[in-house]
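Presented below is the structure to which this report refers.
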Amino acid sequence: MRILFCALVFLFSQSLQAQQFQVVEVGQVETRGAVDSSAIQLSNKKIVVGSSDGAIYFITREKNSSLQVLSYQTRQRAYGSASELSDHSVVIGSSDGFLYRFNADGKFLNKTKIGAMIWATPLELPSGILVVGSQDGNVTFLTRDGVVLKTVKLSGSLSSSPIVVYPKQSPLKYLGYKTDIARIALGSSDNSVY
């Protein structure tokens, strides 16, 4: 499988209306397996993507337009997309049941055993707590350093990524408390959204 990097070149008329565009290939990276997840671009401009070959790729475009690739090999496929955390570290799950964390340059920091395949993109709550769903129906809450705080069992496997849903008004704000209340929503294979 190859990852293709392209640039869109727009041609504008004098009235600044885009008349046409052209796709220009600027590079490609060969992987040993299919890329089934969405790539993300980090704030430092690196691109991170998982692959069915079990590798997590960190790709940088150098000033001379060449692509530098750093990869980390997990034991099984990396289906889900990565997430950049507020401290600029990166987390991504793998089918081997581990959640992997790297610094922004792709250096391995730690991994946490979740127990079942992780196909969903991990979520960081405003408090810094991470949330990840797995194929055994568990929603795991953990710290960046991999300390599992709580696991909640749902009835179906979790392939969809959790999102944060904020209530319109937190009752604690009326009492003068600074609060960070958030609700999490995610879909399950049991035909439910929790």
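The values are calculated or read from the model by the stated rules, or taken from the named source; none is laboratory data. Because the structure is predicted, anything quoted here is derived from the model rather than measured. All Cβ positions, glycine included, derive from the backbone under ideal geometry; neighbour counts span all protein chains shown. Note: accessible area is taken over every heavy atom of the protein model, side chains too, but ligands, DNA and RNA are not part of it. Shrake-Rupley method; radii C 1.70, N 1.55, O 1.52, S 1.80 Å.
Within the stretch 57-103, restricting attention to residues that are outside any loop (DSSP other than H, G, I, E, B) and among the aromatic types (Phe, Trp, Tyr), which residue is surrounded by the fewest Cβ atoms within 10 Å (Cβ to Cβ)?
Here is the first cut: in the stretch 57-103, the residues outside any loop (DSSP other than H, G, I, E, B) are 57-61, 67-73, 83-84, 90-93, 98-102.
From what's left, among the aromatic types (Phe, Trp, Tyr): 57-58, 72, 98, 100, 102.
Details: Tyr57: 23, Phe58: 23, Tyr72: 18, Phe98: 20, Tyr100: 24, Phe102: 21.
Top of the filtered list is Tyr72.
Which members of the stretch 35-56 meet the condition of being loosely packed, with under 15 Cβ neighbours inside 10 Å and among the charged types (D, E, K, R)? Write out each step before concluding.
Taking the stretch 35-56 first, the residues loosely packed, with under 15 Cβ neighbours inside 10 Å are 38, 41, 43-45.
Correct list: Lys45 only.
May I ask you to verify whether Lys153 is basic (Lys, Arg), open to solvent by 10 Å² or more (accessible area, probe 1.4 Å) and over 17 Å from the mean Cα position of the chain (by Cα)? Spell out how you get there, then give the answer.
On the way: basic (Lys, Arg): yes; open to solvent by 10 Å² or more (accessible area, probe 1.4 Å): yes; over 17 Å from the mean Cα position of the chain (by Cα): yes.
Yes; evaluated as a whole, the condition is true for this residue.
Within the stretch 105-118, is even one residue in contact (Cβ under 8 Å) with a residue 40 or more places away in the chain and part of a strand (DSSP E or B)?
No: zero hits.
Would you please list the contacts, defined by Cβ atoms under 9 Å and residues six or more apart or on different chains, that run from a residue in the stretch 149-163 that is closer than 9 Å to Asp136 by Cα and part of a strand (DSSP E or B) to a residue that is at pLDDT 85 or above and among the aromatic types (Phe, Trp, Tyr)?
Here the result reads none, with nothing in the stretch 149-163 linked to a residue that is at pLDDT 85 or above and among the aromatic types (Phe, Trp, Tyr).
Only residues that are assigned to a strand (DSSP E or B), over 19 Å from Lys113 (Cα atoms) and touching an Asp or Glu at 6+ places or on another chain (Cβ under 9 Å): list them for the stretch 42-56, please. Can you show your working first?
As a first pass, look at the stretch 42-56 and keep what is assigned to a strand (DSSP E or B): 47-50, 55-56.
In the following step, the residues that additionally are over 19 Å from Lys113 (Cα atoms) were identified as 47-49.
Selection gives Val48 alone.
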